[in-house]
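Peer 1: One structure follows; several queries about it will come next.
Readers should treat all values here as calculations from the given coordinates under stated rules, not as data from a laboratory. All of these numbers come straight from a predicted model, not from anything done at the bench. Please note: Cβ atoms are built from the backbone with ideal geometry, for glycine as well, and neighbour counts cover all protein chains shown.
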Amino acid sequence: MSPARQDRLTNLAIIALCTAAVSAAAWMRPSESGLGTHEQLGLPACHFYKWTGYPCFSCGMTTSWTWMAHGNPLRAFLAQPMGALLFLTAIVAALWSAWCLWAGGTVERRMAGRGRLLIALFWTGMLGGWAWKIVETLRK
């Protein structure tokens, strides 16, 4: 397969995945409690939360995405700060990939050399969001 064809397929896959995730979030109804929205997809409740009484590192992500898709970024941030940022990242990635379809290349190639920084930012955000959820749980 030619590199140009591979780039197009990669861009189309990114667009499809991001669009599917945002569409699923728009289809669901956000949980008022700040977590548990994923159960609308047939997934089980968080076992970590059931066993410990504390949220896991991803608790509130689906609720956050759903609030974002419903146009309420404040509620999204309160549900899970990193979830709100990842929702925006998905939108940017889809749009950037659409642009790359026209201009050539992929997001991955255009971000070459920034992998470690992006990974560090991702995990810092995940841990920060988890800390936020734990503090919110303790305040209740």
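Peer 1: Which whole-number percentage describes the relative contact order of the chain, with Cα contacts under 8 Å and a sequence gap of 6 or more?
Peer 2: On the way: 166 pairs, mean separation 42.3, N = 140.
So the answer I get is 30 percent.
Peer 1: Let me ask something additional. For the residues Leu117, Leu35, Leu78, Leu95, what sequence is obtained by ranking on other C-beta atoms within 10 Å, fewest first? Please report the intermediate quantities before stating the final value.
Peer 2: On the way: Leu117 10, Leu35 23, Leu78 17, Leu95 13.
Lowest count first: Leu117, Leu95, Leu78, Leu35.
Peer 1: For the stretch 1-138, state the average projected area of the convex hull of the C-alpha atoms over all orientations, rounded to one decimal in nm². All intermediate terms of the calculation are to be shown ahead of the outcome.
Peer 2: Numbers: hull surface 38.0 nm².
Quarter of the Cα hull surface area: 9.5 nm².
Peer 1: Could you give the distance between the Cα centres of the stretch 1-56 and the stretch 68-140, to the whole Å?
Peer 2: 12
Peer 1: Which of Thr106, Thr66, Thr124 moves the most in a Gaussian network model of the chain with Cα springs under 10 Å?
Peer 2: Greatest mean-square fluctuation among the candidates belongs to Thr124.
Peer 1: Okay, next question. Go ahead and estimate [θ] at 222 nm for the chain from helices alone: -39,500 (n - 2.57) per DSSP H run with n ≥ 4, summed, over the residue count, rounded to 500. The partial results should precede the final answer.
Peer 2: Details: 7 runs with 99 residues, N = 140.
After summing the helix terms and dividing by the residues of the chain, the value is -23000 deg cm²/dmol.
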